[in-house]
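Down below is the structure, laid out as structure tokens.
The values are calculated or read from the model by the stated rules, or taken from the named source; none is laboratory data. None of these values were measured; they are calculated from a predicted model. Ideal geometry is used to build each Cβ from the backbone, glycine not excepted, and the neighbour counts take in all protein chains shown. Surface areas here come from the heavy atoms of the whole protein model, side chains and all, with no ligands, DNA or RNA. Shrake-Rupley method; radii C 1.70, N 1.55, O 1.52, S 1.80 Å.
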Amino acid sequence: MTMRRSATILLLLLALAPLSACESAKDKAARHLQSALELVQKGDPDRAVVEFRNVFQLDPNNRDARMAYAALMQDRGNLPEAYAQYQRVIDLTPGDQEALRAAARLAAEIGRWPDAGKFADMELALSPGDPEMMAIRAGVDYATAFSAADTDGQAKAAATAQTLIAKLPDTLLLRRVVINNLMQTADYPAALAAIDAALVRFPKEKGLYQARVTVLAAQKDDAGVEAQLQKLVELFPDDPSMGAALLRWYITKNQIDQAEAFLRKTAQTGDLTARLNLVNFLRQFRSVDAALAEIDSILAVMPASSAPATAAPTSSAPTGSDQTATPDKTPDQTPDQTTAAPGITPEIVRALRASILFDQGQRDEAITAMQDIVKGAPASDQMRQIKVMLARMMFTVGNSVQARARVEEVLAEDDGQVEALKLKAAWLIDDDKTDDAVALLRKVLDASPRDAQAMTLLAQAYERAGNHDLTADMLSQAVIASGKAPAETMRYANFLMADAKYLPAESLLIDALRLDQSNVALLGSLGRLYVLMKDWPRATGVADRLDDIATPDATQASQSLRPAILAGTEKVDAAIDYLKGLAEGKDAGLDAKVMLIRAYLANGETDKARALSDDLLAKSPEDGTVRFIAATVQAALGDSAGAETVYRDLLKQDPKRGTVWLALARQLVQDGKPKDAEAAIDEALTALPDAGDLLLMKAGFLEQQQDPEAAITIYQKLYAADSSNQILANNLASMLSSYRHDPASLDQAYTIARRLRGTTNPAFADTYGWISQQRGNAQEALPYLETAAKGLPKDPMVQFHLAEVYKALNRAEDARAQYAKVLDLVPADDARDFVIVARKAAG
């Protein structure tokens with residue numbers, strides 16, 4: 001904690017010292033605030049947090065408590081929570097300069113640039129020429145220009161930042177702007193010089209060291225990158241992302257022996273994470289047998305069981321591949337001595353063995369082994385960790401009831417167990433209980449501020465709740481906390497790509513690839529980004545790089561990328577020639593031939609599609625997959641009766657072919673036989689009662705037959721099985737808001753549809769807009785429903801929704817015209833409720 005904050009807290013303590021014996025709510029709040037501040041001074045932040053929350057329950061608008069709590073959250077690394085508190089103070093008192101400065105500073109730190117600019121401008125209006133706010137303004141200008149690919153704007157903002165550094169040499173933001181601009185312009189020598197100058201002022205700033213790694217990687221200075229990553233591990237021994245980055249570097253350079261040597265050296269310290277990471281590494285890059293042998297070597301020199309571990313790690317995972325932990329550090333030890341290190345017990349090692357068996361498909365054996373470990377064991381940190389691992393296994397195999405029970409058992413013993421909290425939060429998100437999930441995840445980040453998984457879960461909670469900005473914040477922070485790990489990087493890049501923020505996404509992916517140059521998933525994401533950007537030369541470069549890697553997954557990624565490039569450049573013939581080359585290769589599989597058939601059909605080359613299909617069928621006349629492909633070609637060429645015959649024959653042989661049932665039903669609909677199609681789906685559901693695609697089609701039939709309640713029942717079932725599916729969420733929310741009128745259904749519809757806030761998809765916009773209208777927010781609903789009506793001009797219900805909003809906004813003429821559009825789209829005998837309303841309104 002800084003001296004300034006300590007002084008502020010001492011002054012507040014003095015001011016709050018005298019308390020009345022007869023306490024009002026504000027008096028009680030003041031007493032809790034005094035207690036909170038005293039606990040902060042004593043170095044007991046966990047209990048202080050409880051006292052602050054007591055204050056907010058009694059006196060929600062207590063400005064001093066909000067500011068002190070924000071400072072505490074900032075010190076503990078929970079920046080989103082700190083930022084939310086400063087925002088609350090500004091909402092209460094817009095001219096609060098201390099809060100404005102803190103909010104502007106923090107918004108810039110977490111990358112919320114529009115807010116940073118807003119708060120900086122508000123403060124500059126009160127204190128013109130304030131150097132710190134001008135520095136933040138320069139950062140905002142640079143970030144805005146970067147997102148817009150405005151190189152002149154970037155250069156101008158960087159020049160302003162360079163000038164301000166002379167006045168504010170200890171402002172890290174200014175140095176970041178200058179460094180980033182030099183990196184973007186590929187002036188790597190100047191960037192290194194700027195980084196080194198910044199490190200003189202900020203010798204413990206991880207981001208600067210990571211930027212140095214990025215620059216060295218861009219210069220292809222492999223020795224420099226390795227040395228810098230090793231230095232990061234030495235400088236920040238308590239940050240596992242540093243070691244993970246070095247390990248990824250060794251692996252991407254195919255230096256497997258060096259990677260193993262690094263892990264073995266780290267494991268000699270007695271660090272549980274390191275020892276378990278070594279086991280995971282051996283499993284992935286050596287063999288499962290090598291990993292199990294390493295586990296057996298640990299167990300061989302350990303007693304059969306151990307006393308409860310009080311210093312055990314608080315983190316766990318369902319399998320070894322995801323294993324992370326927060327171990328106690330011990331002095332250097334020999335490998336044999338590690339078995340006696342704090343936190344390493346036979347139970348946790350046996351649990352790791354079980355997790356490997358689980359990953360290898362021996363699930364029942366693994367779960368039984370885990371149950372044997374925890375059965376009758378006394379409560380301990382380590383047993384709680386193992387119980388969470390067991391809960392994850394149970395959930396994976398579909399035993400969610402027992403999984404949740406295990407987690408609740410753990411939290412009853414220790415309500416701060418990090419992995420149990422994260423697992424429960426994930427379930428709460430699935431249940432749309434996002435507020436509860438956010439509360440749990442904030443608790444996790446209070447205890448573990450750099451937990452990238454918790455940040456990712458928090459992003460999912462915010463996304464589910466429709467808070468786009470906070471989602472972006474958390475995804476961005478997860479990238480930083482993970483050391484630019486591939487999974488977190490791609491998750492944030494995909495988010496940016498969905499927002500059409502292509503250049504920031506590109507920068508993100510390239511930075512990660514500099515540390516992991518052969519990562520196929522990262523390269524695939526970059527290739528897809530270049531296709532979206534229509535940057536065909538660079539997309540081709542990515543495909544070439546994937547071909548150079550030449551692993552099966554790299555080859556598959558390249559083969560999916562190249563046709564998109566050729567199609568994008570309107571080289572249709574070249575695209576077909578490419579697919580033909582794949583299909584005729586000596587190692588060509590069925591997938592390559594199917595892609596070629598589809599390309600022929602899409603290009604109108606039906607004779608070639610038929611010839612290839614016939615050739616496949618002649619070579620494998622009894623192969624069900626080949627027969628199905630041939631039938632789809634028959635259907636595409638107009639022989640629907642022949643296709644139907646093949647589909648039904650295949651289903652007689654195996655009624656559990658869900659894809660064939662769908663093809664048959666769709667063919668029957670296309671042939672004008674909707675009743676036969678529904679009968680086929682009903683028959684299919686007797687064989688596959690839980691098949692999501694079949695149930696979805698059944699729900700569609702029920703809606704068309706004006707049986708919305710039966711359709712809603714199906715959508716509820718599907719949504720319960722997968723609440724993350726945005727299409728299911730939209731359909732269920734739409735049905736609830738369109739066909740039910742009770743408050744509970746509308747509330748459920750809104751809870752489900754919150755994630756659609758800000759959408760431009762016409763169907764999604766209709767759902768969210770109509771729910772907003774029914775909740776009395778016609779002004780909010782208007783742009784959504786106008787978007788929907790424009791995008792779905794032939795849907796009478798969508799047009800009706802817009803008419804209703806016009807009516808609510810007293811736009812009578814627009815409403816009448818819109819009701820008339822509804823009637824133009826429906827038959828005269830349509831008896832649906834909304835049509836009856838439209839007739840009366842247009843009347």
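Here are ALA291, ALA261: which of them is in a helix (DSSP H, G or I), over 29 Å from the mean Cα position of the chain (by Cα) and either of a type in the set (Ser, Thr, Tyr) or surrounded by fewer than 15 Cβ atoms within 10 Å (Cβ to Cβ) (or both)?
On the way: ALA291 fails: either of a type in the set (Ser, Thr, Tyr) or surrounded by fewer than 15 Cβ atoms within 10 Å (Cβ to Cβ) (or both).
So the residue among ALA291, ALA261 that is in a helix (DSSP H, G or I), over 29 Å from the mean Cα position of the chain (by Cα) and either of a type in the set (Ser, Thr, Tyr) or surrounded by fewer than 15 Cβ atoms within 10 Å (Cβ to Cβ) (or both) is ALA261.
Of the conditions (1) crowded, with 16+ Cβ neighbours inside 10 Å; (2) in a loop (DSSP other than H, G, I, E, B); (3) in contact with a helix residue (DSSP H, G or I) (Cβ under 6 Å, 6 or more places away or on another chain), GLY77 fails just one. Which one is it?
(3)
How many residues are over 17 Å from the mean Cα position of the chain (by Cα) and farther than 16 Å from ASN78 by Cα if we restrict to the range 434-472?
2
Give just the number: which of (1) open to solvent by 10 Å² or more (accessible area, probe 1.4 Å); (2) within 20 Å of LYS501 (Cβ to Cβ); (3) over 25 Å from the mean Cα position of the chain (by Cα) does SER127 not satisfy?
Unmet for SER127, out of (1) open to solvent by 10 Å² or more (accessible area, probe 1.4 Å); (2) within 20 Å of LYS501 (Cβ to Cβ); (3) over 25 Å from the mean Cα position of the chain (by Cα): (2).
Answer yes or no as to whether LYS807 is surrounded by 15 or more Cβ atoms within 10 Å (Cβ to Cβ) and assigned to a helix (DSSP H, G or I).
Numbers: surrounded by 15 or more Cβ atoms within 10 Å (Cβ to Cβ): yes; assigned to a helix (DSSP H, G or I): yes.
It is true that LYS807 is surrounded by 15 or more Cβ atoms within 10 Å (Cβ to Cβ) and assigned to a helix (DSSP H, G or I).
Could you list, in sequence order, all residues of the range 675-718 that are under 29 Å from GLN653 (Cβ atoms) and acidic (Asp, Glu)?
ASP676, GLU678, ASP682, GLU683, ASP690, ASP693 - these are the residues of the range 675-718 that are under 29 Å from GLN653 (Cβ atoms) and acidic (Asp, Glu).
To keep it simple, each residue is scored yes or no on (1) surrounded by 19 or more Cβ atoms within 10 Å (Cβ to Cβ); (2) closer than 22 Å to GLU109 by Cα.
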site	(1), (2)
GLN417	yes, no
ALA420	yes, no
ASP431	no, no
VAL438	yes, yes
LEU445	yes, yes
ARG464	yes, no
ASP469	no, yes
SER482	yes, yes
GLU488	yes, yes
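For the range 806-843, enumerate the residues that are touching a residue at least 24 places away in the same chain (Cβ under 8 Å) and touching an Asp or Glu at 6+ places or on another chain (Cβ under 6 Å).
Across the range 806-843, there are no qualifying residues.
Cβ-Cβ distance below 8 Å, separation of 6 or more or different chains: which pairs start in the range 253-268 with a residue that is closer than 17 Å to LEU232 by Cβ and end on one that is surrounded by 13 or more Cβ atoms within 10 Å (Cβ to Cβ) and hydroxyl-bearing (Ser, Thr, Tyr)?
Hits for this filter: GLN258/TYR250; ALA259/TYR250; PHE262/TYR250.
Would you call ALA831 open to solvent by 30 Å² or more (accessible area, probe 1.4 Å) and under 27 Å from ILE727 (Cβ atoms)? I'd like the intermediate steps shown before the answer.
Details: open to solvent by 30 Å² or more (accessible area, probe 1.4 Å): yes; under 27 Å from ILE727 (Cβ atoms): no.
In short, no.
Regarding ARG63, is this residue farther than 29 Å from LEU475 by Cβ, modelled with pLDDT of 90 or more and open to solvent by 60 Å² or more (accessible area, probe 1.4 Å)? Don't jump to the end; show me each part of the working.
On the way: farther than 29 Å from LEU475 by Cβ: yes; modelled with pLDDT of 90 or more: yes; open to solvent by 60 Å² or more (accessible area, probe 1.4 Å): yes.
Taking the combined requirement at face value, the residue satisfies it.
Give the residue that is farthest from GLU678 (Cα to Cα), with candidates limited to residues of the range 695-746 that are assigned to a loop (DSSP other than H, G, I, E, B) and among the hydroxyl-bearing types (Ser, Thr, Tyr).
Pass one, the range 695-746, residues assigned to a loop (DSSP other than H, G, I, E, B): 705-707, 722-725, 740-742.
From what is left, the residues that are among the hydroxyl-bearing types (Ser, Thr, Tyr) are 723-724.
Working: SER723: 26, SER724: 27 Å.
Within the range 695-746, the match that is farthest from GLU678 (Cα to Cα) is SER724.
How about the range 142-175: which of its residues are closer than 22 Å to GLN97 by Cα and open to solvent by less than 70 Å² (accessible area, probe 1.4 Å)?
Selection gives LEU164, LEU168, THR171, LEU172, LEU173, LEU174.
Do you know which of the residues in the range 625-661 that are hydroxyl-bearing (Ser, Thr, Tyr) and closer than 21 Å to THR606 by Cβ is surrounded by the most Cβ atoms within 10 Å (Cβ to Cβ)?
Filtering the range 625-661 down to residues hydroxyl-bearing (Ser, Thr, Tyr) leaves 625, 632, 640, 645, 647, 659.
Imposing the further condition that a residue be closer than 21 Å to THR606 by Cβ reduces the set to 632, 640, 645, 647.
Working: THR632: 21, SER640: 17, THR645: 13, TYR647: 26.
Of everything passing the filter in the range 625-661, TYR647 is surrounded by the most Cβ atoms within 10 Å (Cβ to Cβ).
State all residues of the range 732-756 that are under 27 Å from ASP469 (Cβ atoms), without any contact (Cβ under 8 Å) to a residue 40 or more places away in the chain and either among the polar types (S, T, N, Q) or open to solvent by 40 Å² or more (accessible area, probe 1.4 Å) (or both); if no residue qualifies, say none.
SER734, SER737, ASP747, GLN748, TYR750
If you scan the range 497-523, which residues turn out to be small (Gly, Ala, Ser), open to solvent by 10 Å² or more (accessible area, probe 1.4 Å) and within 18 Å of the chain's Cα centre (by Cα)?
Step one: of the range 497-523, the residues small (Gly, Ala, Ser) are 498, 500, 505, 507, 512, 518, 521.
Narrowing further to those that are open to solvent by 10 Å² or more (accessible area, probe 1.4 Å): 498, 500, 507, 518, 521.
Residues satisfying the conditions are ALA498, ALA500, ALA521.
Criterion first (over 20 Å from LEU441 (Cβ atoms), assigned to a helix (DSSP H, G or I), open to solvent by less than 60 Å² (accessible area, probe 1.4 Å) and aliphatic (A, V, I, L, M)) does LEU37 satisfy it?
Numbers: over 20 Å from LEU441 (Cβ atoms): yes; assigned to a helix (DSSP H, G or I): yes; open to solvent by less than 60 Å² (accessible area, probe 1.4 Å): yes; aliphatic (A, V, I, L, M): yes.
When the stated conditions are applied, LEU37 passes them.
In the list THR266, THR319, which residue meets the criterion of being in contact with a Lys or Arg (Cβ under 9 Å, 6 or more places away or on another chain), of a type outside the set (D, E, K, R), modelled with pLDDT of 80 or more and surrounded by 15 or more Cβ atoms within 10 Å (Cβ to Cβ)? Lay out the reasoning, then the answer.
Numbers: THR319 fails: modelled with pLDDT of 80 or more.
Answer to the selection: THR266.
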